[in-house]
Amino acid sequence: MRQDPDVIMIGEMRDLETCRITIQSSLTGHLVLSTLHTNSAAASITRLLDMGVESYLIASTVNGILAQRLVRRLDPATREAFDAPPELIAEH
């Protein structure tokens, strides 16, 4: 890191080598942002372990995990209004 960046963005961690570079950068004090394709935020830890990253490195370098999901939108031409009964609303 000759240029001493404040933030490093890594496109996606797909293999162990990319994970190692990401972790090494994080251990030198840089803020590293990256993406990882999993089904949930909790599955990110499992994915890193499955790729061969040691658990103590995950514990010392991961500060946060954010997950996002696409929300389906109903077609305005075919959607129908639905009035939920109060007991259904109370359940959820």
Name the single residue that is nearest to residue 50 (Cα to Cα) among those in the stretch 8-22 being of a type in the set (A, V, I, L, M) and under 14 Å from the mean Cα position of the chain (by Cα). 13
Can you tell me which of 50, 75 is among the acidic types (Asp, Glu) and at pLDDT 95 or above? 50
How many residues does the stretch 36-65 contain that are within 9 Å of the chain's Cα centre (by Cα), exposed (fewer than 12 other Cβ atoms within 10 Å of the Cβ) and under 20 Å from residue 7 (Cβ atoms)? 1
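Rundown of residues vs (1) in contact (Cβ under 8 Å) with a residue 12 or more places away in the chain; (2) in contact with a Ser or Thr (Cβ under 7 Å, 6 or more places away or on another chain); (3) of a type in the set (S, T, N, Q), yes/no style:
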residue	(1), (2), (3)
43	no, no, no
46	no, no, yes
51	yes, no, no
56	no, no, no
59	no, no, no
76	no, no, no
81	no, no, no
State which residue pairs qualify: first residue without any contact (Cβ under 8 Å) to a residue 60 or more places away in the chain and over 13 Å from residue 37 (Cα atoms) and inside the stretch 1-22, second residue of a type in the set (D, E, K, R) and exposed (fewer than 12 other Cβ atoms within 10 Å of the Cβ) in any location, beta carbons under 8 Å apart, and separation of 6 or more residues or different chains. 18/12
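Hey, can you tell me all the residues within the stretch 23-35 that are touching a residue at least 12 places away in the same chain (Cβ under 8 Å) and either over 17 Å from the mean Cα position of the chain (by Cα) or part of a loop (DSSP other than H, G, I, E, B) (or both)?
25, 27, 28, 30, 35
The values are calculated or read from the model by the stated rules, or taken from the named source; none is laboratory data. The structure displayed is predicted, hence computed values, not measured ones. FYI the Cβ positions are ideal-geometry reconstructions off the backbone, even for glycines, and counts take in every protein chain you see.
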